[in-house]
């Protein structure tokens, strides 16, 4: 039988994690915003929309570092002026993008959640704001005015519009995106890479007039949609881009027929193996973007990558009724390991989306519950440290079938590992994903460059089986539990439960984190 060995060398630092990789995203589509983040204060059509207390709590619990808004495809049809001033005076309009798909994706837009409401949510959670301006159907001047309105002197625009919302001082939003998926025929304002790059520069110049200290995110493309877009955009505008975005949804809703055929052929276990291996597919696509940047920009380290939309998605129904299971939580955990490995190039990531639409949290009526993919965020955002150190696994591997946009793979490590060190060197955290469908896996752990002692805190993300689903009545079926053990017992030969994620926290902390226990 193959011996399984986890090697951690804390003396070999490989990257610096930006906390923004654990970021979130909300957009006015379907029930993500209205009926998700927001609920009616009281029953009735005329009752105002208010932010749910549960949403604020859950965003705080995961330490949401950054939230992206207003989109997404919605952003390229959004007039920011419709979302300011007294709420009762804001216009009711057709949702310029999502109305094309009918009532399920949101036809009417009441504009009850605008710039001020977004910033109130941001401030109540303690997150950083990331705002996408309308590149598709608007102008550089409109984008400049929005930056000025959010970050400039309160006297701008007549002096009383921001004050009408009880706010006089600037918000100081520093992260701004210019357009969304402009490479796609489905996007408002679709155009080629050269035209986009020239337009981006016009928007950048105008927005910088309002605040020269902002950082800008330009539209990049996954090679699945275009293998020439990134290099052409970078050739023209790369010197003036801070972040290049990429969106990856796996296995891809547009491949649903192939996905269904593969599911029928390989069964639940085959689908499981494909999904828990899928972070390696996402990593392959990230590497392609890194190579684009390296080819055009050299090794200067700019721009960095913003994976500002990512998730699983293969069925349109997941936009309305996300029923994520433990298998999907292992995928999310695996994505975090990918982002750790690429911490020097990927400096922001935003899962799509926080509420209802492929949601981390699900809400319907007055009832809210945390889905299975909420718990990886709770675990990694609270436990991971900033300094990535070299970590390797030697041992058993497996194969996984093709599943839509997820390629067939062989030699997939049965344990997926990632380690980080605190800046003071006192705390070491080791995350281990056991990808096995049904079997516990034993492994020895070797630590170099770090001398642990005493007890180690252990956090376990698991459920009764790989397809366990959280519900309104039980949103802790897939959850995180905590315990402690002697360091020697952990290192000598540890048994990792089937279909689970284990986090070991060595040193530096006097007690287990209360958010788990």
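Laboratory data are not the source of any read-out in this text; all were calculated from the coordinates shown. Source: prediction; values computed, not measured. Cβ atoms come from the backbone with ideal geometry, glycine included; neighbour counts cover every protein chain shown.
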Original post:
Could you give the angle, 0 to 90 degrees to the nearest 10, between helix 326-341's Cα long axis and the longest principal axis of the Cα atoms of the chain?
Top reply: 80 degrees
Original post:
Exposure proxy check: 226, 47, 418 ranked by fewest other beta carbons within 10 Å?
Top reply: 47, 226, 418
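Quote to one decimal, in nm, the extra length available between residue 486 and residue 394 on full extension: 0.36 nm per residue of separation minus the C-alpha distance between them.
Values: separation 92, 0.36 × 92 = 33.12 nm, distance 2.38 nm.
Gain on extension, residue 486 to residue 394, equals 30.7 nm.
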**OP:** Please give the helix 256-297 orientation as an angle from the longest Cα principal axis of the chain, in degrees from 0 to 90, rounded to the nearest 10.
**Re:** 70 degrees
Subject >> Listed peptides 465-472, 72-79, 319-326 by packing density, highest first (mean Cβ within 10 Å) >> reply: 72-79, 319-326, 465-472
Subject >> Spin-label model distance (nm) - residue 315 vs residue 3, 7 Å beyond Cα toward Cβ >> reply: 4.5 nm
**OP:** Using per-residue counts of other Cβ atoms within 10 Å, averaged over each peptide, order 394-400, 348-354, 475-481 from highest down.
**Re:** 348-354, 475-481, 394-400
Original post:
Is the shape of region 427-517 rounded, prolate or oblate, going by the alpha carbon gyration tensor and its root eigenvalues a ≥ b ≥ c, with a/c under 1.5 for rounded and a/b larger than b/c for prolate?
Top reply: oblate
Original post:
How high is the relative contact order of the chain, in percent, with contacts defined as C-alpha pairs under 8 Å that are six or more residues apart?
Top reply: 19 percent
Subject >> Protection proxy ranking of 37-46, 12-21, 401-410 - average other beta-carbon atoms within 10 Å, highest first >> reply: 401-410, 12-21, 37-46
Original post:
Residue separation times 0.36 nm, minus the C-alpha to C-alpha distance between residue 446 and residue 256: what's the value?
Top reply: 64.1 nm
**OP:** Quick one: angle between helix 193-210 and the longest Cα principal axis of the chain, in degrees between 0 and 90, rounded to 10, please.
**Re:** 70 degrees
**OP:** In vacuum, with every alpha carbon of region 216-296 counted as one equal point scatterer, what does the Debye formula give for log10 I(q)/I(0) at q = 0.17, 0.22, 0.26 Å⁻¹? Two decimals, please.
**Re:** -0.73, -0.98, -1.22
Subject >> Cα→Cβ-extended label distance, 7 Å offset, between residue 228 and residue 455, nm >> reply: 6.2 nm
**OP:** Hey, for a label at residue 56 modelled as a point 7 Å past Cα toward Cβ, could you say which residues of region 126-140 have their backbone N under 20 Å away?
**Re:** 126-130
Original post:
Tell me, how many Å apart are the Cα centres for region 186-239 and for region 315-336?
Top reply: 30 Å
Subject >> Computed helical MRE - 222 nm, the chain, DSSP H runs ≥ 4 contributing -39500 (n - 2.57), nearest 500 >> reply: -8500 deg cm²/dmol
